1. In this structure, does C:PRO51 turn out to be under 16 Å from A:SER450 (Cβ atoms) and either of a type in the set (Gly, Ala, Ser) or in a loop (DSSP other than H, G, I, E, B) (or both)?
2. Any idea which of A:GLY299, A:GLY323 is surrounded by fewer than 24 Cβ atoms within 10 Å (Cβ to Cβ) and either out of contact with any Leu (no Cβ under 8 Å at 6 or more places or on another chain) or more than 24 Å from B:PRO3 (Cβ to Cβ) (or both)?
3. Is it true that B:SER6 is without any contact (Cβ under 8 Å) to a residue 40 or more places away in the chain and in contact with a Gly (Cβ under 8 Å, 6 or more places away or on another chain)?
4. Run down A:GLY110, A:GLY136, A:GLY47, A:GLY57 and say which single residue is on the phi > 0 side of the Ramachandran plot, in contact (Cβ under 8 Å) with a residue 40 or more places away in the chain and away from every other protein chain (no Cβ under 14 Å).
5. Only one of these is modelled with pLDDT under 90 and either under 25 Å from A:PRO428 (Cβ atoms) or surrounded by 23 or more Cβ atoms within 10 Å (Cβ to Cβ) (or both): B:PRO12, B:PRO7. Name it.
6. Can you name the number of the only condition in (1) farther than 21 Å from A:SER418 by Cβ; (2) surrounded by 23 or more Cβ atoms within 10 Å (Cβ to Cβ); (3) at the interface with chain B (Cβ under 8 Å from one of its Cβ atoms) that A:VAL348 fails?
7. Pick from B:ALA63, B:ALA76, B:ALA41: which is away from every other protein chain (no Cβ under 14 Å) and more than 30 Å from A:GLY98 (Cα to Cα)?
8. Specify which of the listed residues (B:ILE225, B:ILE300, B:ILE232, B:ILE304) is under 22 Å from B:VAL18 (Cα atoms) and in contact (Cβ under 8 Å) with a residue 24 or more places away in the chain.
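The values are calculated or read from the model by the stated rules, or taken from the named source; none is laboratory data. The structure displayed is predicted, hence computed values, not measured ones. All Cβ positions, glycine included, derive from the backbone under ideal geometry; neighbour counts span all protein chains shown.
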Amino acid sequence: MGVFSVFKRIGFPGGVHPDEQKISNNLPIRPLPMPRRLYLPLQQHIGSPAEPVIALGARVLRGQLLARPGSGLSAPIHAPTSGRIIAIEPFTAPHPSGLPIDTIILEPDGHDEPCDVVLPIDPMALEPEVIAAKVGEAGIVGMGGAAFPAAVKLNLGAGRPIHTLIINGGECEPYLTCDDRLMRERPETVLEGIRLMQRAIGAWRVLIAIEANKPQAIAAIEAAAIPFTGVQVVKVPTRYPMGSEKQMIQALLGLEVPAGKLGADIGVIVHNVATAHAVQQALRHGRPLTSRIVTVSGGAIAKPANLEVPLGTLASELVAFCGGFKREPTRLLLGGPMMGHALHHLDVPIVKGSNGLLALSAEEVGHESSERPCIRCSRCVEACPLGLLPLEMAARVRSGDMDGAADYGLGDCISCGSCSYTCPADIPLTHYFNYAKGELVRRRQEKAKSEETRALAQARQARMERLAAEKKAKAAQRKAEREAKRKAEREGEKSA
Amino acid sequence: MMPIASPHTHAPASVRRVMLEVLLALLPATAFAVYQFGWPALYLLIITSAFALFGEALSLRLAGRPVGSSLNDGSALLTAWLLALSLPPWAPWWIGAIGGLFAIVVGKQVFGGIGQNIFNPAMLARVALLISFPLEMTLWTPPQPLFSATAPGPIDALAITFGGGAAMIDAISGASLLGHVKTELGRGLELGAALQGQPITDSLYGTARGSLGEGSAPLLLIGGIYLIARGIIGWAIPLAVIAGALLPALLLNLIDPEHYLGPLHHLFSGALLLSAFFIATDPVGSPATPRGRILFGAGIGLLIYIIRTWGGFPEGAAFAVLLMNSATPLIDHYLRPRIYGRERGGEPLDYSQGRRAARLERIRRGDK
Amino acid sequence: MIAIAVLTVMGLLLGTLLGLAAKRFKVESDPLVEKVDALLPGTNCGQCGMPGCPAAAEAIASGEAPITICPPGGRSLAEELAALLGVELDLSAMKEDEGPLLARIDESKCIGCIKCFAECPTDAIVGAAKQIHVVMERACTGCKKCVDVCPTMCISMRSPETSLREWRWPMPATTELSREAA
């Protein structure tokens, strides 16, 4: 059992076990045919939006850079296929607000002509910094849903000794099977990507965590990992939110990421299996991140599937390919049912972080009765993997006491949704916390602005007073001069 | 357009379901108690429930709130049921009526309705009744199982419940075991003598004098374990209540067996089991924090023991629950759980020194 | 009889003690006005009807003016004042909070008269004589002073556009039942 014999139980406190619904786990990954148009939002990652480097109407080749990273934390965007740029304009973003965001619209020409790439002879021989840089250039972001630029997380090793790289194959969200399929179908590719990341980070130990409900994936990855010492597959209990970074570190190593710090601060970095696959594709084949595997599922989908989808494909194309709806969907989701975004319609592009497209029927969404009074049953307390008291936080948010909610640990909430999931009174706890977090940010910003304008107003007042004083001084001076002149004249007259 | 927040799926749980599960768990013990005490007990149960539901509907209507959805969530019925179980089985109808109304209107709706009542409404009503009508509330009739020779029939029972049967009740009623023991000890007798003719098996099986819900220990236990297994209640409160009462009982009984009742008598007599599994676990008035629940339960258990042993009343479950209800906000405030990545005090964990640093170093090196 | 005597004596004693304490620990000046003034925008825009922010602060601290009096401060200022003064915040007394408003200059009508930026209390308008003026959003408090002085009526107030980056989750729509329970 290796390092784990010291840890009696692999797990974390709290959490929930929603109906797994892995209905698509035996369906092989199929490529989705190239759609008529691709919609590539300039922001598909955490950080600042990418900046377009191509002109309107330009012809681009597959893998060509379309937008370079913006300032600070950001990631570039590449062309999934060859074609023409027909517009760069606002388009509905895959985001709960349904607001538009600047988007590059690419019309494929059907030739899928690649641009030239220079491949390293042996990517495993590359220096760690070079690997990280190439991952950044390939536009790879965390593909488990968070979409944090991956290169940044590979560079965290610099200055901080990293002992363990955890590969997250948990896939704890119900329905989603894209990581499961990836591990089952392409274990060697995934393993090579993992080892490249291990080299970039400098960790001596790699733990690949896979939930117990994916025995074939565990077997496939274990077989592929045999040649590599230091790479170990760990079967973890099927419990949501196992795939959350903090919970995974706690479950595997018994360590907790200190509040306000990163996993890297205690020597642990977590990456998703799909990210490992993308890293391998970028370094071995020079393919930037332009496609991903998406699970299309849910009770309303006629034929669920695991599809390899060019980024920028509209969700409606995926649904059409899967035979449309077999019944009226109650909710359309990008991502899993616990943390995914509800879509207002299907004309929304698949982006780097989209691991699933779900169409859920009314029964699957569960009873949608309206919020009732809290009976303090504290199921939310038991479900919270962070040890928070969601009922107390929500009560404070509801009465507008954001500081009180913050005092109860609002800032530590990871919005995993476990509390809302269990609440028998149907209180939308997670929604309250989303609102409260935004409200705290808004208040901070407003306060900063009011302080700024106050300073400006004071500066202006001071300037006005100074000007007035100057004016007065000048007037006084002029008066004095006049007086002096008159006096002199008078004296002149006298002397004359 | 209002954005829809995650999660987009929900556990099959609702307030109504929780209440119905508790009622279901109470059913075996209640059915047995009704069998033991016959028709008057059944009438009392029905009257208490009817008045509680009426009180709920009336209050909601006066407050201008939707009556239907709140009424059928089962919470008022559960309150009424728990109250009825804590009453003398042959109590007159107006005890049940006043109790049911008081529990819901004063104990629950005045505080703001479901979820807002600091005190357990059933226990609040029981205490109010006990103080207002001490005579009626302490007339304990011996069990007269349904269809047995001495049991009143459905018509005779009407007389008992609706008046006119007072003589009959007086003739047969006596003290409950705990009351009897208290009186006898007060007279200077020793326990051995006081417990003459009061076999503990009567208390165990629920064939002793007492309120409806003091009934059968095994049936209450089955109901409680069912609730724990179904995840409706946690194990912490019931266990803490029982331990809180039995540990001091064991200790004092060992020291002075002639003046202090043993743990088994305490466990099977009175309302200890009913309180542990069904009353103390009422979520509204109990703490939400894991450690708080243990303290809360232990406090109830200990108070029950103290009141039984040294207090003015033979049984103190209702007082104990109410007292600890009032301590709940304080308990919750001081016993907040530790947040992930933080110390109990809220400071971020520090892995740079002490035991934590050593542990991190072990993991860093991969030591066993 | 004894009980009454004891209670009377106790009442007298405590009353005297309280009176003494009130004298002994008397607060000389009113620091509340300063605290309120520190929260106000300080732009003296006059939208509240008072001659300026210090006057408004005095009125608010003494309870003569409601805490919802300051339009540029909006809801967040009202909330802060409520917390500072320990009073209940009645948002219904507030005009429907349209959120922050910003001035915008219609460039086709601006004649570059510099009247507006002479008026602006936060120097949020930039430009020069005979040049089109522009409002810097970061510095604009939405006080509407510029609107009144513009000779060509080219300044209008509008709410800032929400972009995806500034979007925040709204409060969940609550039901009658839960609102009352709150």
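1. Details: under 16 Å from A:SER450 (Cβ atoms): no; either of a type in the set (Gly, Ala, Ser) or in a loop (DSSP other than H, G, I, E, B) (or both): yes.
Criteria not met by C:PRO51.
2. Numbers: A:GLY299 fails: either out of contact with any Leu (no Cβ under 8 Å at 6 or more places or on another chain) or more than 24 Å from B:PRO3 (Cβ to Cβ) (or both).
That would be A:GLY323, the only listed residue that is surrounded by fewer than 24 Cβ atoms within 10 Å (Cβ to Cβ) and either out of contact with any Leu (no Cβ under 8 Å at 6 or more places or on another chain) or more than 24 Å from B:PRO3 (Cβ to Cβ) (or both).
3. Numbers: without any contact (Cβ under 8 Å) to a residue 40 or more places away in the chain: yes; in contact with a Gly (Cβ under 8 Å, 6 or more places away or on another chain): yes.
Judged against the criteria, B:SER6 is a match.
4. Numbers: A:GLY136 fails: on the phi > 0 side of the Ramachandran plot; A:GLY47 fails: away from every other protein chain (no Cβ under 14 Å); A:GLY57 fails: in contact (Cβ under 8 Å) with a residue 40 or more places away in the chain.
Sole residue among the options that is on the phi > 0 side of the Ramachandran plot, in contact (Cβ under 8 Å) with a residue 40 or more places away in the chain and away from every other protein chain (no Cβ under 14 Å): A:GLY110.
5. Values: B:PRO7 fails: modelled with pLDDT under 90.
Exactly one residue qualifies, and that residue is B:PRO12.
6. Exception for A:VAL348: condition (3).
7. B:ALA41
8. Values: B:ILE225 fails: in contact (Cβ under 8 Å) with a residue 24 or more places away in the chain; B:ILE300 fails: under 22 Å from B:VAL18 (Cα atoms); B:ILE304 fails: under 22 Å from B:VAL18 (Cα atoms).
Only one candidate passes the filter, namely B:ILE232.
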